[in-house]
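A short worksheet on the structure shown next.
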Amino acid sequence: MSKIFLRRGLLLAAVVPALLAAGCAAGGNGTQAMKGAASPATPTEETSPTETETDGESPEETGNESATPTDTGAGLPRSAIEDFFSALKSGNLDQVVGAFASTAVVELDGAATAESSEAIRGLFQKRLQAGGERQATHTVEDVRTIGDKNAVVRSTSKAGNRTHREMFLLMKDGAEWKISELMNNQPS
């Protein structure tokens, strides 16, 4: 099975539950009910995303090896995304581009799809020159590992009066996590 086909399958598996949860959240505070319907229940899913990211404790062993919540720590998917957001805020274009795998695909709301390192560099160069990234706030909503070499991270970013939801697919590249796909959009 090709890597591209596998990544797109992982993206679909990650996006459908996220879109269901986002749609439920748009209609009110029903995210938890939809989350249970969209993905298998585990003991750690009963905590809110903010509890998971601030408590600093490792999640309990769930026995579900295909998709488990992941906590903070060096060398983990959450850290890779937090480093990416730090690079955006500092305006470090080389560090931003370095967060991506060499075969990464970036689909940002309102921009053409970037499918090479050069295209990703051009896309983020324009965004960093605009200056809105320095004032943006970013919140990691959910982190899930898929096996040992893939992960999905959902986040929310706010810059001024604009809010975006992001979906990251990450892959293990040696000892590092690299972003293999990034998609964002504005909630309706």
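Details
- Sulfur and carbon atoms: percent of accessible area, the stretch 140-188 [1.4 Å]: 44 percent
- Per-residue HN-Hα couplings for the stretch 129-141 [Karplus 6.51, -1.76, 1.60; θ = phi - 60°; Hz; x = Gly/Pro]: 5, 5, x, x, 5, 5, 9, 6, 10, 10, 10, 7, 8
- In the stretch 111-188, the trypsin sites (Lys or Arg not before Pro) that fall in loop regions by DSSP, at most 13 other Cβ within 10 Å: 149
- Think of the stretch 126-168 as having a plus end and a minus end, set by charges on the Cβ of Lys, Arg, Asp and Glu; of 140, 152, 129, 129 sits farthest toward the positive end of this dipole.
- Using a simple spin-label model with pseudo-atoms 7 Å out from Cα toward Cβ, residue 162 and residue 125 lie 2.0 nm apart.
- Segment residue 136-residue 149, length gained on full extension (0.36 nm per residue, minus Cα span): 1.7 nm
The values are calculated or read from the model by the stated rules, or taken from the named source; none is laboratory data. Everything quoted here is computed from the prediction, not taken from an experiment. With ideal geometry, Cβ positions are generated from the backbone for all residues, glycine too; neighbour counts draw on all protein chains shown. Surface accessibility is based on the protein's heavy atoms, side chains included, excluding ligands, DNA and RNA. Shrake-Rupley method; radii C 1.70, N 1.55, O 1.52, S 1.80 Å.
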